[in-house]
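What follows is a set of notes on a single structure, which appears directly below.
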Amino acid sequence: MKEIRLHGRGGLGSVKAAEVLVYAAVKEGKYGNSIPFFGFERQGAPVTAFLKISDTPIRAKNRVNNPDIVMVLDPTIMNAVDVFEGMKENSTLVLNTKQNINEIKVPNAVKTVALIDATAIALDILGKSITNTVMLGAFCRVTGLVDLEFVSEKVEELWGKKNVKAMEEGFESANVYNL
């Protein structure tokens, strides 16, 4: 089982991104569940979504304390939340940032990092800084955990073809580093 934690802010689509990943996993014949966690329910407030994907049934419906993968949809959240808390050995980080790999400090447990300026891509393609679809593309590229085709199917159903384009750009533009 892979445990995933998404960090974002209200309005960026973190919860919906987790739901899309579960949809894609189930379409592939896997099992998945997602659990959102809201502090203050308002736009811009920190939001965390927890997600599990497995080849076998998932019984526990609890938060993810020790993630294999962390996805950060808004880099400013790192000033308010320890996104690295509890990360497992050999974990993966998918980060929306303008910074390059030499400017990012990650714990030794993190072995794979995908960096992408999802905000710039979202602004360019969608005209707004909602980064979830761009980050879904980067997630698919770095993890290979779910099939991009199934993610694309759900993204188009929920948000339309422009968001599919944003997701595809996220897939193509993610810079992946093995540390």
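The values are calculated or read from the model by the stated rules, or taken from the named source; none is laboratory data. None of the values given here were measured: they were computed from a predicted structure. Here the Cβ is made from the backbone with ideal geometry for all residues, glycine too, and neighbour counts use every protein chain on show.
Figures for the structure shown
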item: Of the criteria (1) in contact with a strand residue (DSSP E or B) (Cβ under 9 Å, 6 or more places away or on another chain); (2) buried (at least 19 other Cβ atoms within 10 Å of the Cβ), which one ILE121 fails; result: (1)
item: Selected residue (criterion: nearest to the chain's Cα centre (by Cα)) from residues of segment 130-179 that are surrounded by 18 or more Cβ atoms within 10 Å (Cβ to Cβ) and outside any helix (DSSP H, G or I); result: THR131
item: Residue list for segment 77-97, restricted to those being of a type in the set (D, E, K, R) and over 22 Å from GLY10 (Cβ atoms); result: LYS88, GLU89
item: Any hit, segment 101-117, residues being closer than 21 Å to VAL47 by Cβ, of a type in the set (S, T, N, Q) and surrounded by 14 or more Cβ atoms within 10 Å (Cβ to Cβ); result: no
item: Any strands (runs of 3 or more DSSP E) falling wholly within segment 1-79 and containing at least 2 residues that are under 15 Å from ILE130 (Cα atoms); result: 2-9, 46-54, 69-72
item: Contacts under 6 angstrom Cβ, first residue in segment 136-150 being free of Cβ contacts under 8 Å to residues at least 24 places away in the same chain, partner surrounded by 23 or more Cβ atoms within 10 Å (Cβ to Cβ), 6 or more apart; result: LEU148/CYS140
item: When residues of segment 1-28 are limited to those that are touching an Asp or Glu at 6+ places or on another chain (Cβ under 8 Å) and among the charged types (D, E, K, R), the one surrounded by the most Cβ atoms within 10 Å (Cβ to Cβ); result: GLU3
item: Flag if LYS98 is assigned to a loop (DSSP other than H, G, I, E, B), of a type outside the set (Ser, Thr, Tyr) and within 15 Å of ASN175 (Cβ to Cβ); result: yes
item: Index of the failed condition, LEU93 passing every other in (1) modelled with pLDDT of 95 or more; (2) assigned to a loop (DSSP other than H, G, I, E, B); (3) surrounded by 15 or more Cβ atoms within 10 Å (Cβ to Cβ); result: (2)
